[in-house]
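Structure record follows, encoded as structure tokens.
The values are calculated or read from the model by the stated rules, or taken from the named source; none is laboratory data. Everything quoted here is computed from the prediction, not taken from an experiment. Reconstructed Cβ throughout: ideal geometry from the backbone, glycine too, with neighbour counts over all protein chains shown.
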Amino acid sequence: MAFRKWQKVSVKSGSLLHTSVGLLEIGKIEAVNENDITNKDAVQAGFTDKKQLLKSFTHNSTGTFFKISVRYHAEDPRIKLREQTGLSEQQFEELRGRLERLDLYSKQGHWTEKILFTIKDNPNLHAIGIAKLTGFEKEWLKLNIRKLKNLGLTISHNVGYELSPLGNEYLNKFFPKNSEMGV
């Protein structure tokens, strides 16, 4: 169970959500009055009591409370993807094509190689640091690093990012000279 306070619902029942514990399926979503939230509800949502749950919303004074049922659906498929190594030439070419499309359709131009090498050379550096090194805006950067993560190339930590085994193998295969010396 989870609680959110929104102006309008931002998830759909039946959709899947990537989380640190895996894929969660969104179940029933219902608007609730603050008075209808019980201590039992709060504990099921991971809080010690209702008071702690309500305190977590003090930064968000407007909106409606929503009670959301969630259930574990499956392991995050990106974890298995990022651990892959020894891909075939065809698999690597498909990955390369996807990265080329990200570059081609970006208003920022070619960015994927620059970001991958910056992460490789600066493991666990936070988004602000990567933004300073690359010249990209932080929020744009976070959104686009998520695209690399969805391809299995990066790993997000509480603070910062690192290349996955797949990301390292990709750089070593397609940019062997740069991978040895850094960019």
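Among the residues making up region 83-132, those that are of a type outside the set (Gly, Ala, Ser), in a loop (DSSP other than H, G, I, E, B) and within 15 Å of LEU143 (Cα to Cα) are TYR105, LYS107, GLN108, TRP111, HIS126. Every condition in (1) under 30 Å from LEU163 (Cβ atoms); (2) part of a helix (DSSP H, G or I); (3) of a type in the set (Val, Ile, Thr) is met by VAL43 except one, and the failing one is (1).
Would you say TYR161 is buried (at least 19 other Cβ atoms within 10 Å of the Cβ) and in the same structural domain as ARG82 (by TED's automatic domain parsing)?
Considered against the rule, which asks whether it is buried (at least 19 other Cβ atoms within 10 Å of the Cβ) and in the same structural domain as ARG82 (by TED's automatic domain parsing), TYR161 comes out as yes.
Residue by residue, here is whether (1) modelled with pLDDT of 95 or more; (2) surrounded by 14 or more Cβ atoms within 10 Å (Cβ to Cβ); (3) closer than 30 Å to LEU153 by Cβ holds:
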| residue | (1), (2), (3) |
| --- | --- |
| LEU23 | no, yes, yes |
| GLU34 | no, no, no |
| GLY46 | no, no, no |
| HIS59 | no, no, no |
| ARG71 | no, no, yes |
| ASP76 | no, yes, yes |
| THR85 | no, no, yes |
| SER88 | no, no, yes |
| LYS107 | no, no, yes |
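Rundown of residues vs (1) over 30 Å from LYS5 (Cβ atoms); (2) touching a residue at least 40 places away in the same chain (Cβ under 8 Å); (3) under 17 Å from the mean Cα position of the chain (by Cα), yes/no style:
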residue: LEU53; (1), (2), (3): no, yes, no
residue: ILE68; (1), (2), (3): no, yes, no
residue: GLU94; (1), (2), (3): yes, no, no
residue: GLU113; (1), (2), (3): yes, yes, no
residue: GLY152; (1), (2), (3): yes, yes, yes
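Among the numbered conditions (1) surrounded by 11 or more Cβ atoms within 10 Å (Cβ to Cβ); (2) over 25 Å from THR154 (Cβ atoms); (3) of a type outside the set (Val, Ile, Thr), the only one that HIS18 does not meet is (2).
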